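Q: Here it is: the structure, laid out below.
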Amino acid sequence: MKLFIILLILSSILLEASQGTEPVEKKSSVPAYKVTEKLEIDGLLKEPVWLNGNGFNQFTQKDPVEGAPATEKTNVTIAYDDESIYFGVKLHDTSPDSIVARLARKDVGASSDMIYVYIDPYNDKRSGYYFGLNAAGTMYDGVLYNDSWNDDSWDGVWEGKANIDGEGWTAEFKIPFSQLRFNAEEKNIWGVNVKRIISRKNEFDYLVMVPKNESGFVSKFAELHGLEQLNQPGKFE
C-alpha cells in the first residue's frame with residue numbers, strides 16, 4: 001500500500017513537470033498600422049508611427065542557447081499605406097562599437113549583424129518572401145516555398161536602409177504591394193516572422209523560433225493583423 005502511494009505521488013510530480021515543460025504555443029498575433037503620412041526610407045525611424053511604442057519585442061534565441069530570451073532587445077513596428085508595407089526595426093545593442101557591419105553586394109553573404117523579415121501574404125503556411133538588411137545596408141531578398149525552403153534568385157524592387165547609432169542600429173524597409181502576390185480582401189491576415197543575427201555572439205533570435213527538433217518554418221509564422229482594404233496593383237517596374 002505504501003509503495004502504491006509513493007508511486008502515485010511520483011507519477012503526479014512527473015505529470016506536473018511534463019506539463020510545465022511543454023512548448024509554448026508558437027502562434028501569436030502582431031499588428032500592422034495604417035499610415036497616411038509619407039515615410040522617408042533613411043533608416044532613422046523618425047516618423048511618428050515608429051515612435052508610438054506599439055510594436056513587438058519578444059524574441060527567442062535559436063542559437064547559441066535554444067529557447068532562451070534574446071540577449072539584446074529588438075523592437076519591430078509594421079505599417080502600411082495604399083501602396084506598400086513597411087517595417088521599422090530598432091536593434092538595441094549594449095556594445096554598439098562591436099556591431100559588425102560589412103558592406104557586400106546584394107544577396108552576397110558576409111559575416112555581419114543582420115535583420116530579416118519574412119512574410120506569407122497568402123497565409124497558406126507554405127510560401128512567402130523574405131527581405132533582409134545588414135548593419136551596413138546590404139540588401140537581401142528571396143522567396144520561401146515548401147514551408148522550409150528558400151530561393152535567393154528572386155529579386156524584388158524595394159527599399160531598405162540601415163543606420164548605426166549610439167544605442168545600436170536601426171533598419172527600415174519599404175516593400176511595395178506590387179512585388180507581392182496575395183488575395184486582396186477587406187481584411188487580410190498574413191503570416192510574419194522576424195530574425196535577428198548578432199554576429200559577434202553567433203546569436204540567432206526569432207519572433208517565432210522553431211526548435212531544432214521540429215520541422216517547418218512558414219507554417220509556424222505569427223499572424224499579422226490590421227491589413228485592411230488592400231489593393232493589389234499590377235506588376236510594374
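Q: Within the accessible area of the chain, what % is carbon and sulfur when the probe is 1.4 Å and the other protein chains stay in place?
A: That share works out to 53 percent.
Q: Moving to a separate point now. Nearest 0.05, what FRET efficiency do E83 and A110 give at R0 = 35 Å with Cβ-Cβ as r?
A: Efficiency, rounded to the nearest 0.05: 0.70.
Q: Tell me which residues come under 5 Å, amide H to amide H, from E203 once H is placed; ignore anything under 5 positions away on its chain.
A: Here I198 satisfy the definition.
Q: Related question: How far apart, in nm, are two points set 7 Å out from the Cα along the Cα-to-Cβ line at I41 and at D124?
A: Taking the two extended label points, one gets 2.5 nm.
Q: With r as the distance between the Cβ atoms of N231 and S28 and R0 = 35 Å, compute the FRET efficiency 1/(1 + (r/R0)^6) and round to 0.05.
A: 0.80
Q: Quick one: helix 2-20 against the long Cα principal axis of the chain, what's the angle to the nearest 10°, folded into 0 to 90?
A: 0 degrees
Q: Also, quick follow-up: Largest first and in whole Å, what are the equivalent-ellipsoid semi-axes of the range 60-166 based on the Cα gyration tensor, each being the root of 5 times an eigenvalue?
A: Ellipsoid semi-axes (Å, largest first): 23, 17, 16.
Q: Take the Cα gyration tensor of the chain, multiply each eigenvalue by 5, square-root it, and list the three semi-axes largest first, rounded to whole angstrom.
A: Taking √(5λ) for each Cα gyration eigenvalue gives 35, 22, 17 Å.
Q: In addition: Hand me the trypsin sites (Lys or Arg not before Pro) from the range 48-119 located in a DSSP loop with no more than 15 other Cβ atoms within 10 Å, in residue order please.
A: Those that pass, being in a loop and sparsely packed, are R102, R105, K106.
Q: Still on this model: What is the gain in length, in nm to one decimal, between V65 and E159 on full extension, counting 0.36 nm per residue of separation less the C-alpha to C-alpha distance?
A: 30.5 nm
Q: May I ask you to give the solvent-accessible area per residue for the range 66-141, in square angstrom, as obtained with a 1.4 angstrom probe?
A: Ligands and nucleic acids excluded, the result is 38 Å² per residue.
Q: Follow-up question, since we're still on this one. Hey, what number do you get for the chain at 222 nm if only DSSP H runs of n ≥ 4 count, each worth -39500 (n - 2.57), divided across all residues, to the nearest 500?
A: -3000 deg cm²/dmol
Q: Also, quick follow-up: Of S111, V208, F177, which is farthest on the positive side of the dipole of the range 85-214, counting Cα position, with +1 on Lys and Arg Cβ, -1 on Asp and Glu Cβ, and the Cα centre as origin?
A: S111
Q: Taking the range 186-237, which trypsin sites (Lys or Arg not before Pro) meet the DSSP loop condition and have no more than 11 other C-beta atoms within 10 Å?
A: Here the trypsin sites (Lys or Arg not before Pro) that fit, given the DSSP loop and packing criteria, are K212, K235.
The values are calculated or read from the model by the stated rules, or taken from the named source; none is laboratory data. Being a predicted model, the structure only gives us computed values, none of them experimental. Ideal geometry is used to build each Cβ from the backbone, glycine not excepted, and the neighbour counts take in all protein chains shown. To get the accessible areas, we keep the full protein, side chains included, count just its heavy atoms, and leave off ligands, DNA and RNA. Shrake-Rupley method; radii C 1.70, N 1.55, O 1.52, S 1.80 Å.
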